[in-house]
1. So how much slack lies between GLN2 and ALA51, counting 0.36 nm per residue of separation and subtracting their Cα-Cα distance, in nm?
2. Once you put a point 7 Å from the Cα of ILE15 and another 7 Å from the Cα of ILE34, both along the Cβ direction, what distance in nm separates them?
3. How large is the charge dipole for the chain, taken about the Cα centre, if only the Cβ atoms of Lys, Arg (+1) and Asp, Glu (-1) carry charge, to the nearest 20 debye?
4. Give the long-range amide H neighbours of ILE10: residues separated by 5 or more places, or on another chain, with amide H under 5 Å away, using H modelled in the peptide plane at 1.01 Å from N.
5. Which of TYR39, TYR120 comes first, and how do the rest follow, when ranked by fewest Cβ neighbours within 10 Å?
6. Using a simple charge model, +1 on the beta-carbon of Lys and Arg, -1 on the beta-carbon of Asp and Glu, nothing else, what dipole does the range 39-87 show about its Cα centre, in debye to the nearest 20?
7. Using alpha carbons only, how many degrees (0 to 90, rounded to 10) separate the axis of helix 15-28 from the longest principal axis of the chain?
8. With Rg/Rh (Cα atoms, Kirkwood Rh) defined as stated, name the option among (1) 1.22; (2) 1.09; (3) 0.97 computed from the structure displayed.
Amino acid sequence: MQLLMDHIVIYVSDITESDKFYSRLMEMLGFTRIRAYVYQQGDICFDVRHALREGDAHKRGDPGVDHFGFRAPNRGVVDQIMMDMLAEGFDDARITEFENGDYALFIADPDGVRFEITNYSIK
């Protein structure tokens with residue numbers, strides 16, 4: 001039996017601020033907003049919700065999900081997403097080129113939840 005992933009829920013501290021981030025990023029990743037704070041691509045949805053209680057922003061290496069990874073068809077797409085997100089004021093972003101030629105953008109939402117957009121080398 002094979003089960004398909006259906007949805008991912010992300011809790012955020014400020015839904016208004018996070019909506020600016022997610023609406024822009026999800027659009028660039030090919031997701032469509034299907035209702036307030038819910039984005040769909042194919043059979044999977046990202047559901048962004050206001051946190052039920054206060055807490056610290058996520059830090060890399062803490063228990064929990066480290067990041068969500070997406071595959072880009074070429075480096076130009078990675079660069080375009082980086083430029084667009086920086087232009088929108090989301091400056092917690094960096095490009096990393098790995099020794100094997102993989103080229104990745106790492107960007108965090110206002111609460112520190114990270115996304116990776118990578119063009120994988122064919123070497």
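1. On the way: separation 49, 0.36 × 49 = 17.64 nm, distance 3.15 nm.
Gain on stretching GLN2 to ALA51: 14.5 nm.
2. 1.9 nm
3. Details: 13 positive and 22 negative charges, 57 e Å.
I would put it at about 280 debye.
4. ASP47, VAL48, ARG49
5. Values: TYR39 22, TYR120 14.
Fewest-to-most Cβ neighbours within 10 Å comes out as TYR120, TYR39.
6. Details: 6 positive and 8 negative charges, 18 e Å.
With only Lys, Arg, Asp and Glu charged at Cβ, the dipole is about 80 debye.
7. On a 0 to 90 degree scale, this one is about 30.
8. Looking at Rg/Rh (Cα atoms, Kirkwood Rh) for this model, the match is (3).
Throughout, read-outs are computed from the coordinates displayed, never taken from laboratory work. Small disclaimer: the values here were computed from a predicted structure and weren't measured. Ideal geometry is used to build each Cβ from the backbone, glycine not excepted, and the neighbour counts take in all protein chains shown.
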